[in-house]
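Asker: To start, I am sharing the structure in question, which I have written as structure tokens.
Values in this text are rule-based calculations from the coordinates and carry no lab data. What you see is a predicted model, and the numbers here were worked out from it, not measured in a lab. Cβ atoms come from the backbone with ideal geometry, glycine included; neighbour counts cover every protein chain shown.
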Amino acid sequence: DDVPTVAESNPLAKLPTLVLGNNGDGVYDSKVICDFLEDEALTNKRSDLGPCNWRLRTLHGCADGMMDAQVLIFYEKKIRAENNIAYQAWIDGQNEKIMRGFDQLELEVGRGTLQAPANDTPASAAECAVATCVAFLDTVGVRWRDERPQLVEWFQRWQKRESFIKTRADVNWKTGEATDIGFGRDVLDGKKVEG
């Protein structure tokens, strides 16, 4: 919140914000950005997939909800815990949502709903949302891999996509060097964060 450079393109000063061109116009809100990018890439032609299309769009919502749950855990452990009012049962409930989400993603890989597109093939917004969710939860140290081999394989293929490599949250897109994303395992593991 209140990041001056983001506020130039989004009055809410919230991420994600997609900045268009050099004039600073912004498209914001995850779903709007995804719809915009999907239209730009013309991948929305996948709507002829029938039930699979709706499962993909539902998985987009699942991925968003999983990330929301993790952010809420972060707030609970960082802000509320500092005031001695963290509620562990609520944190556990958020963790359960995340794990159920991973179970659903594993199921959908097995069904063929989630397929890692080839490097030169456009991906749908839903597929990108799921890959981003898995990457984010990996970055903050959520352990999901042991019981989900199909999802592990799917994600490994995604990690090889050039577009995915160039847009990782923990890598500076200009330099290609690792960068601190500002929060993560330290807070989630209950360690005190300065600042």
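Asker: In the structure shown, do any of Lys14/Lys160; Lys14/Lys174; Lys14/Lys166; Lys14/Lys78; Lys77/Lys97; Lys77/Lys160 have a Cα-Cα gap over 24 Å, and if so which?
Answerer: Working: Lys14/Lys160 29 Å; Lys14/Lys174 21 Å; Lys14/Lys166 21 Å; Lys14/Lys78 19 Å; Lys77/Lys97 17 Å; Lys77/Lys160 33 Å.
Result: Lys14/Lys160; Lys77/Lys160 exceed 24 Å.
Asker: Please list the radius of gyration and Dmax for the range 50-166, considering alpha-carbon atoms only, with Å as the unit.
Answerer: That works out to 15.2, 50 Å for Rg and Dmax.
Asker: How much length would be gained if the chain were fully extended between Glu8 and Ala41, taking 0.36 nm per residue of separation minus their Cα-Cα distance, in nm to one decimal? Don't jump to the answer; show the numbers that get you there.
Answerer: On the way: separation 33, 0.36 × 33 = 11.88 nm, distance 2.57 nm.
Roughly 9.3 nm would be gained on extension.
Asker: Separate question: Once you place label points 7 Å from the Cα toward the Cβ at Asn23 and Val152, how far apart are they in nm?
Answerer: If labels sit at Asn23 and Val152, their model points lie 5.0 nm apart.
Asker: Taking loop as defined by DSSP and a crowding limit of 14 other beta carbons within 10 Å, which chymotrypsin sites (Phe, Trp or Tyr not before Pro) in the range 59-89 fit?
Answerer: Tyr87
Asker: Also, I was wondering about something else. At a 10 Å Cβ-Cβ cut-off, how would you order Arg168, Arg80, fewest neighbours first?
Answerer: The most exposed by this proxy come first: Arg80, Arg168.
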